[in-house]
Amino acid sequence: MRLIVPKARPRLTTAVAASLASLMLLTACGSDSENDSSGEGSSESASGADDSKESTPTLAEPKEEDLEKVEDIEVTAAEGKKGPSVELPEKPLEVSQTTRTTLEEGDGKDLADDAYATVDLAMFSAKDGKAVEGSETYTSSPIVLDLGNKQSLPGLVKAIKGQPVGTSGVAVLPPEDLFGEQGAPQLGISGKDNLVLVYDVRGELPPKAQGKKVEPKKGLPTVDWKADAPADITIPEGEEPPKDLVVEKLIEGDGETIKKDDYVYVSYTGVNWKDGKVFDSSMKDGRGPFAFPVGQNAVIPGWDKAVEGAKVGDRLLVVVPPEEGYGKEGTPDGSIKGGSTLVFTVDVLGAP
């Protein structure tokens, strides 16, 4: 359970983000699993259990007849406030398996199989070439696709996986790599529809904060960051918790400054000042970066205040007094008692 998030789910800043969240988390063939170990407010990039990282789909060798169809799709690139468009060589256009072709190969590093890829994309019905409403990001901002999460749509993962950063392309995805026989009626997609995907690979989220180390102030908790487990946060012995919100940089990044309404991706570990025990972390249980819109009451007030004004690449030490956290009431499940001071280390990974 993600304890930093209140009862309400984060209010995404655009309809695009909401639609894409649905696209990202619906599995092929309509898995009816209701397991959501990330709890309320989980993002499309957050995994559930450990097995969500196993056996992610891989693109098969293309069949000649499928590849010819995909290569014959005419793509008009996005420009300004207008997204891309496609002209199909035949209607409807159908392929036997997910098939992609490169429009322009990038010169960046190849995406790892478990990368959090930053991509622009647009989807179109392969019946008539019309855009799928809410699927286009070129006129807003890129989204982050968790390539290592098998709960992501297989066709999306196959189309993007392993390509160099900077690559653009077009792919056609058959129903079995989308929503299966039931389709996605809320998106106007039937169980027999193929989809056309136009994409640009913009980058990859780093696994941790990157920048210059900053000497921590005395009298505050210390942090021992770990790559594959929650950070060790040590509470100073005999010190009373501060009454006001404390935000200190442990690593100073040089990326863009986070502004209100930015959709930011972070990794974090949180402990209680009273006993130093970890109550939540994005670094366990196969989970990945947590995403939220800054300044929209999607997280506790102390988080909004700490992250707004930070830079991509920062590692923050955040000490949250009760009034900036869960107040006198604590969490509804009782896991954090009322009046608790909380301590977090937060890596600001990106705000695409």
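The values are calculated or read from the model by the stated rules, or taken from the named source; none is laboratory data. Fair warning: this is a prediction, and the values are worked out from it, not measured in the lab. Ideal geometry is used to build each Cβ from the backbone, glycine not excepted, and the neighbour counts take in all protein chains shown. Remember, those area values only see protein heavy atoms, side chains included, never the ligands or the DNA or RNA. Shrake-Rupley method; radii C 1.70, N 1.55, O 1.52, S 1.80 Å.
From the cross-link list Lys208/Lys311; Lys69/Lys158; Lys81/Lys161; Lys150/Lys284; Lys63/Lys192; Lys150/Lys226, which pairs have alpha carbons spaced over 22 Å apart? Among Lys208/Lys311; Lys69/Lys158; Lys81/Lys161; Lys150/Lys284; Lys63/Lys192; Lys150/Lys226, the Cα-Cα distance tops 22 Å for Lys81/Lys161; Lys150/Lys226. Set the Förster distance to 45 Å, then compute FRET efficiency between Asp244 and Lys192 from the Cβ-Cβ distance, nearest 0.05. So, using R0 = 45 Å, E works out to roughly 0.15.
Computed from backbone phi with θ = phi - 60° and the Karplus coefficients 6.51, -1.76 and 1.60, the 3J(HN,Hα) list for region 159-173 is 5, 9, 4, x, 8, x, 4, x, 6, 10, x, 9, 9, 10, 10 Hz; x is used for glycine and proline. Loop-located GluC sites (Glu not before Pro) in region 101-200 (DSSP state other than H, G, I, E, B) with a sparse environment of at most 16 neighbouring Cβ atoms within 10 Å: Glu105, Glu133. Counting only protein heavy atoms and a 1.4 Å probe, region 116-255 has 45 square angstrom of accessible area per residue.
Note on surface exposure: Val75, Val307 rank Val75, Val307 by accessible area, highest first, 1.4 Å probe. Here's the list of aspartates and glutamates a cross-link from Lys305 could span, going by alpha-carbon distance under 15 Å and ignoring same-chain residues fewer than 8 apart: Asp244, Glu248, Asp261, Asp262, Asp314, Glu323, Glu324, Asp347.
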